Structure formats: C-alpha cells, structure tokens
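Each remark here refers to the structure printed beneath this line.
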Amino acid sequence: MKAINVGVPTFAQALVAQGAAVEQVDWRPPGRGDPAVAARLARLWGDPAVEAANREAWDRLTSAEPVLVDLRPAGEVVPGMTRDTILHAGPPIAWERMCGPMRGAVIGALLYEGLARDEREVAALAASGAVRFDPCHHHRAVGPMAGVTSASMPVYVVEERTRGGRAYVNLNEGLGKVLRYGAYSQDVLDRLRWLERILAPPLARAIQASGGVELRPILAEALHMGDEGHNRNRAAGGQFLKLMAPYLAALDPPAADLAGVLRFMADNQHFTLQLSMASCKAALDAADGVPGSTLVTAMARNGVEFGIRLSGLPGRWFTAPAAVPEGLWFPGYSAADANPDVGDSAITETAGLGGFAMAAAPAIVQFVGGTVDDALRYTREMYEITLGENPVYQVPALGFRGTPTGIDLRLVLQTGIQPLINTGVAHREPGIGQIGAGLVRAPWECFVDALAAIDAESRAAPQ
Amino acid sequence: MALAVAVHPRAYHDSVTLMQVSAALAAAPGVEAAAVVMATPLNRDYLRDSGLLDAAAEGAAPDDLVIAVRATTAEQAAAAQARALALLSGGARDTAPGAPQPPRSLTAARRRLPDASLALVSVPGPYAAGEARQALGAGLDVFLFSDNVPVEDEVVLKRLADERGLLVMGPECGTAILDGVGLGFANRVRRGSVGLVGASGTGLQEISVLLHRWDGGVSQAIGTGGRDLSAAVGGLATRAALRRLAADPHTETIGLISKPPSEAVARAALGWLVAGGKPAVACFLGVDLAESPPPGVAVAHTLEETAWRALGRGGAPPALAPGLSEEAAAAAVRLAPGQRVVAGLFSGGTLCGEAALVLGDRVPTRFVDLGEAEYTVGRPHPIIDPTLRAQHLLALAADPAVAVVLLDVVLGYGAHPDPAGALAGPIGEARALAERGGRYLPVVAYLCGTDDDPQGRAAQTATLRQAGALLAETNAMAARLAGAIAGGSR
C-alpha cells in the first residue's frame, strides 16, 4: 500500500506501523487561508478539462524548438511595429506613470530615432500621443530592464520550429550606463548606432550562413556549465561566440570591424541574455491560448507594476505593484536608491531558467546574496509550483533533474509559494545604471486576481 | 536473434544517464547487446560495428536518441526497450546536500510517490473537498475523514470519482481496510474472502473483528461515509464500492452495513448487491425491509449476524456465551428494587445503536453516544480519549435508577493505547461509589478488537475482568447480557 496523507499525522504513523509507504504533505490552508480563494481553487482541481488543457500547454512548452534565424531592424520584422511605436517591458503603462529608467530609455530611443532633438521635445512628443507606447509582449517581443525597443534597433528573429511562431528581442548593450537602465547620453546613442551599423550586419549574415542556431542545446549545455540563463550567462556567451566566430571570420565580403565585433561579444558577460529571453518567449507563446489551462505564460515588470499572463486567458494581464528586490547593493547604494522590479527577463523564470535554475548556478549567490545551500533550496521550492521537470534543461547538482518548469497558477495558490526571480536592480533615477542585484517574488495579488478571472470565465461559459 | 531499435527525436539525456541505462539493459534477460546513445556520427559507427544499427537509426540526427537492443527473442528485446524508456523517464534522484523539504501539496507528494493509490484527507472541513478533488485528479482513491463537508460537495466528489473509477470514502469516514491495511480507526484482522461496505465506522470494526474471531477474514472493508445512502447522495460511494468488490478476485462474499438509509436508496443498494453476482448479506440496522430480500442476499438484523451469515453459518450466533446467564442471574439478584435502567456509555455510534435495537423496550434504557458532535466539540473522540466517559460513569454510579452500565471498548489503530487500563480505575471507583450508596452496580463491557491489535485483546480482557467488569463476546451479546441483568431483577 502506498498512500499520501493530508492532515493529521497520526493517520500516516498508523500506516507506517503496518508497513505501508506514506508521503505526508506539509499542508497549510490553500489561498493563504482566504476561504473565497480556497473555494475557487477547489473547483480547478480534479477538473478533466483543466488537466487536459495543462497537458496540452505543457507539451507545447516543452516541445518548442527556438532557432535563431536572423537579425533585422525591428521595423522590418516585429508585427505591428511602426516608426512612431516604442515598445517597453512589462504590462501596459502610460508615459505619465513610467518609472525613471524607462523614461530615460524612451528619451534615448526617440533621440536615436531622430523623432526628437532634446529632452523637452521628447516630453512634448510623448505627452502629445504622437508616440505609441506598447508592451513588447504584445508584439511577440521581450526586452530586459526598460526593454525599450524602437524601429531602427536590430532585433534577433527566433523561429519556433515546432509550431511556427516567432519571437523578437533587441541586442544586449553591455553593462554600466546603457539605454536599458535609462541612460541617454551621447555615448549611449553612439553605441546603439554602432550595434545597428557595425555589429548587426555581419552577425546577421553569420546567423544566416549557419542555417539557424538551435538555442535549446546551447542553454542546456550552459546550465551544465554553471549558467542559469538570466543573471549568469557567461557559459552560454562563450558557446555562442565559439559557434559564431567561424561564420563571422568567413564572411565575404568581410565584416567591417571583425575584431571589434568579436571583442564586444567576448567582453559582454550578458550577450546571450536576450537569446535566453527570446527562446523562453517563443516557447511560452507556443503554449499560450489553450482554453482552460492554468499555465502562467508570462511574468513581466514595467518598473511600476508586475504583471502575469495565463495560457487559458490569452491577452489579459493580472497586475500588482512591483516590489524592490532584496539583495546585495553596489558600494554607495541602498534600497532607498532602487527602482522597483523592472524588465521582461522574468520570462526566463517563467520557462524554467533563471531563479528556478539557481541550483545549476551556485556562483549566482555572489551576485544576489545567500549561500550555495540557498541556491539548491530555491530550485527545490520551485518544483512545488510547476507542472513538471524540464526535459532538456537539467541541474547536475540535483542528479540531473530537469529544472522546475511551467508555473501552475493552482499550485501557487494551493501552497502559498510565489515564483522566485533573481534580477539586477536599477537606480530609480534614469541613466545611473545598475546598483545591485537580488531576489524578488511575483506578487501574490496577481495570482489571486487571475484565479478570480478564470472562475468568472468558467461560470459564464455555457455548461 | 531479434533486433529492436527505436529512435527518439531530439530527446536529450546526459551521457552519464545514458551509460547507466545502457548498463541496466545489458543485464536484462535475454539481452546480448544494448546501446542507449545520442546518434552522433561517432556513435552511429559504434552501433554499426556492434550490429545494433538499422535503417531508422542510420538516418538519425546527432540530437536524436537511439535505444538499440539485440536479444534472443523479440519479446525480450521489446521488454528491454520498455525498461529503457521507464528508466529514462523515471526522473533523476536528487542526491544533493540538504534534506529535501516535505511536499507542500498533494500534487507534489504524488510525484514523489508515483504508484500511490490512496489519499487520506483529514484537513478542516472547508478545505477537505478541494483536497479530495486534487487527489481524484491525481488518480487516487480518497479516504475522507474530515467532517463539515457540505452535501453538495460530497455529491460532486462522488460523481467525479465515478467518472474515473475511483472511490471517495466519506465524508466523516473513520474506518476502512484496503489490501490488508487499516485506515483510520481499524482493527488488525485476518485477510480473507469477505468484502464489507459500510456507512458506519464501528459497524465495520465490529463485523471485521467477529469475522476474524470466527476464523474468517476480510478482503476489503470500504467505508462510504454516513450520508452516502441518503436521498441527496443516492448511494454513489456504496455503488462504487460494491462494483469494486464484485470485480475483486479476493472477495467471495459481500456484506453491506448501514444505519437507516433512505428506503428507496436501500432498495437500490440491494439491487447493486444482486448485480454483483456474489453471495451477500445486507444489514440495514433498524430498518425492516418490507419485501423479502432478493435471491442471493441474506438479511441480518445485527452486526454479529452479518458476520455469522457472511461466513455461511446456519442458525444464529449464540445468545449468551456459556456461563454468562449464570453470571447475569447472580448479578440480578444483588440489585436493589429501584435499579431498573440499562445505562449505556458508548464510544462507537453504531455499537450504541445496535445495543439499543437489541434491547428494544424490554427494559428501560438510557444510552449516550459520546462520539456525537455535542460531546466532541473541542475534545478528542472517546475512542481516543476516555476522560469524558470516566466522568459520565461516575455520574451514573450516583444514580439509584441504574441497574447496569454497558460499555463498548474499542481497540485497534487510532484508538487509545490502553483503553481498558484507562477505564479500570473509573470502573472501580464507580462501583465503590454505588456501594457506599447501598447499591450493587454491575458493569458489562464489550471489547471490540482482536489479539493482533496493538493493544492486544487478551491483555485488555484481563484488565477489565480484574476491574470487575462482566465481558461479552459481541456487542449484541453485551446488550443481551445487560438486559438479562436488568430484566432479571424483577
């Protein structure tokens, strides 16, 4: 006899005394003790339609094959992109409410696009409604930190080979005073121009010459090498550079500044962050839109609000105020200087990387704080709220278990465990850059609201 | 010689895992050679040289997984293939430092125990249905001990269970025995060929204990919860349980026991018994089925009779054990004229109900079921904690109308570790108290248990005898004994 005991431990003890195998659940009231939440959640358990929907969403998520096929200006490839569209990270937000770093990035982008000549013109332009602001997520794209993407910026084109979708993401500028942290000085604009004119063209040709770069094997190997695909990307960066270098070197006509391009890719510790993000975005978009599924398909922040999206309720955001991450501060800075959580990079956690894969990257604790045991503990905790173990991304330290993948709304609400994200933290003032790194949890209210929406949908649906 | 080669596109596994699986396959019965490798050019050469390559594997890509087996027979090759898949999908063992935390949900627990068959749910009522639904969703039968579960939820749960061929035992189910393992309050009894279905905990306990005592045994004892045979629920769990027993190869005879249900549902239940096609005994305590029972179904009016008939015995169980009628007479003679009432203090609801039925109105009775809700608010059930019963016992001792006290003492898993020991002192005090009031107070006790129970029936019997109690062999007999004492005083 093999049994599971939920409740009074004496039942389990009696079974063990009779030689049965028992797992005792460490139970506490679901919904953190809110009876309305518990009652709605109860209806989602044991529902064959939900189970089937989640199986379908899981299959789509884990069979997705993201392949890097091109690198082109956003205006040419991103659906719905126009000259006066500015994409940003996180859920929708109006110019007036944007946080410091995002405002700075918007200013930088409008200057870069030549739509304005200085800050005042930008402010007038933004406030006038002549510029359209929209989440990257609404255009099959993602962007780290402010995530600001404009028409001239080169974006990776990632094709999801299994179901045929596409995902887009800009190039990583490096660390320090960069656009994604809200800097918009001449240096920043010059670098953006360099990326557009000197780095992107040869890299695009190299990608094309390769016939397409499969991203999952790179990430899988990187996890074996101590990366987690969000805040530790060195191994993936090395692998990608090894892969691309021969194609870059063989280009005919040659790259205008091959040495410069190679040096940039080599020096940029987070060069492949965007590729991680786009892989995850492609896979999660493939799993989106399965009616009845409680799979979380996005976690994203705009520096003011944190939003989640659900496969069974496509197109809808469930938001709550974004928190300031807890962690380690660079010398001279503290939590008082910090901008609240910002960026689409939590898409990596949503697909089983980043904070969820921390046990594969114990060195991350030097970055976000804590001990190596903490890194193991966090990954183990995330197994409690996910649909399964990733078939491709594995953690050597846990006996090559797959990473916890596919956040199930039901399990978050059942256990009270919020998804964990590790993240860089920006200064709240635009243009200063990163001031630390740490851990943050997706807000509880997002999941409670999503549950209420599912419940309302199922009540409204014809029986 | 049979070659079985399977190609799994883009199924990545690390090389250590693959080597371990290959080694496991090589040791499988009949296997001459086996390889589990990614189809890189180097590995394809190796497969070719080892005679493990076929056309499909020839065309495999480097990120495809090849499982190749050469065995004596095709069946052995196929079995080895299946084993490889099971090992690869079995999930890696987490052997890293730091203890893995206990699972935080039933779903997580299920993943750690993939061949679990049952969930026991005893969380507070408002959360119980949700946990039961989660269990059903995970393909588990549910032993639902929790009470305060709304009847609407019970119906939904049992319908969900029906759709999946699963059982919901409860709500408020306190007793079951599945595959020889006791759940909740249950006695350790011999495995045998009688399958039981019951809405009542102590009803199942008594019948299972008597089957054991009379050299029979229990295949399964399935609780249905007290409300199952009501009109609202319509016997859904009873029907599901009877189906299980009908299909169970270890079950030859079926016993169905319940407190008074809805008459319509009772008749339906008899129909389900007949449909099962196995000889059956039905005991609806307190309900006289108007029509004669269908063929193949015997009707019993007591729990002891249910066990008796289930074992195929003719006649009826003995009314009183040898020597007991003399003991009854000896006690009756010592009663004072005012002592007329049989006062029952019970821990088991059905045992209480049966005793009341057995005595009818032949003698005045005053029965208290200390397991009722009013007595258990904020305190453990009397089967676990004898304190309240001891207090009531002393109160009865001071009552000049009481002729005899009748007690059930329930043993088994979940019960107090030494109920006889806990009652011995109060029994002695009560009798002494009555004596100071000029009255002789006999105490009749029935031990519902077996020698195999953790408490040990033999030892418990000795303790009660030493305390001065008169012991009967069945709950019904104990009632008859008490009635003989009280009635014989006239």
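Laboratory data are not the source of any read-out in this text; all were calculated from the coordinates shown. Note that the structure is a prediction, hence the values are computed from the model and not measured. Glycine gets a Cβ as well: all are built from the backbone with ideal geometry, and neighbour counts include every protein chain shown.
A few remarks follow.
- For segment A:96-149, pairs of C-alpha atoms spaced more than 13 angstrom apart make up 58 percent of the total.
- Estimated D of segment A:358-413 in µm² per second, where Rh is the Kirkwood radius over Cα pairs and Stokes-Einstein applies at 37 °C, 0.692 mPa s: 284 µm²/s
- Inter-probe distance in nm under a simple model that places probes 7 Å from Cα toward Cβ, at B:Arg465 and B:Ala321: 0.8 nm
- Volume per residue of the convex hull around the Cα atoms, evaluated for segment B:292-432, comes out as 164 Å³.
- Taking a ≥ b ≥ c as the square roots of the eigenvalues of the alpha-carbon gyration tensor, segment A:127-177 is classed oblate because a/c is 1.5 or more while a/b is no larger than b/c.
- Cα gyration tensor shape of segment B:328-383, rounded if a/c is under 1.5, else prolate or oblate by comparing a/b with b/c: prolate
- Distances between every pair of Cα atoms in segment B:372-421, grouped in 10 Å steps from 0 to the bin holding the largest one, split as 23, 48, 27, 3 percent.
- Computed on segment A:1-143, the Cα convex hull volume stands at 218 Å³ per residue.
- At most 15 other Cβ within 10 Å, DSSP loop - trypsin sites (Lys or Arg not before Pro), segment B:175-253: B:Arg190
- FRET E, pair B:Ala398, A:Arg441, Förster distance 60 Å, beta-carbon r, rounded to 0.05: 0.45
- Distance in nm between pseudo-label sites at B:Ala330 and B:Arg366 (7 Å out along the Cβ direction from Cα): 2.8 nm
- Relative to the globular-protein estimate of 2.2 N^0.38 Å, the Cα radius of gyration of the protein assembly as shown stands at 1.21.
- Relative contact order for segment A:215-273, counting Cα pairs under 8 Å that sit 6 or more residues apart, in percent: 37 percent
- Per residue Cα convex hull volume in Å³ - calculated over chain B: 189 Å³
- Cα Rg over Rh - segment B:248-294, Kirkwood: 0.97
- As a rough guide to protection, the peptides B:331-338, B:274-281, A:354-361 ranked by mean Cβ packing within 10 Å, highest first, stand as A:354-361, B:274-281, B:331-338.
- Both numbers refer to the Cα atoms of segment A:323-439; Rg and Dmax are 14.8, 44 Å.
- Straight-line cross-link partners of B:Lys158 among the aspartates and glutamates, defined as a Cα under 12 Å from its Cα and at least 8 positions apart when in the same chain: B:Asp141, B:Asp228.
- Phi-based couplings in Hz for segment A:206-218 (Karplus 6.51, -1.76, 1.60; Gly and Pro marked x): 5, 4, 4, 4, 6, x, x, 9, 6, 8, 4, x, 5
- Its residue count N sets the reference 2.2 N^0.38 Å, and the alpha-carbon radius of gyration of segment A:418-463 equals 1.89 times that reference.
- In units of the rule-of-thumb radius 2.2 N^0.38 Å, segment A:67-181 shows an alpha carbon radius of gyration of 1.03.
- Modelled label positions at B:Glu435 and A:Asp267, each set 7 Å beyond Cα in the direction of Cβ, lie 10.3 nm from each other.
- Antiparallel bridge percentage (DSSP; both residues within the protein assembly as shown; nearest 5): 55 percent
- What separates the Cα centres of segment A:230-308 and segment A:77-154 is a distance of 20 Å.
- Charges were assigned to the Cβ only: +1 to each Lys and Arg, -1 to each Asp and Glu. The resulting dipole of chain B about its Cα centre is roughly 720 debye.
- Shape category assigned to segment B:390-485 from the gyration tensor of Cα positions, a/c cut at 1.5: prolate
- Once the Cα gyration tensor of chain A is diagonalised, semi-axes √(5λ) in Å: 38, 25, 21
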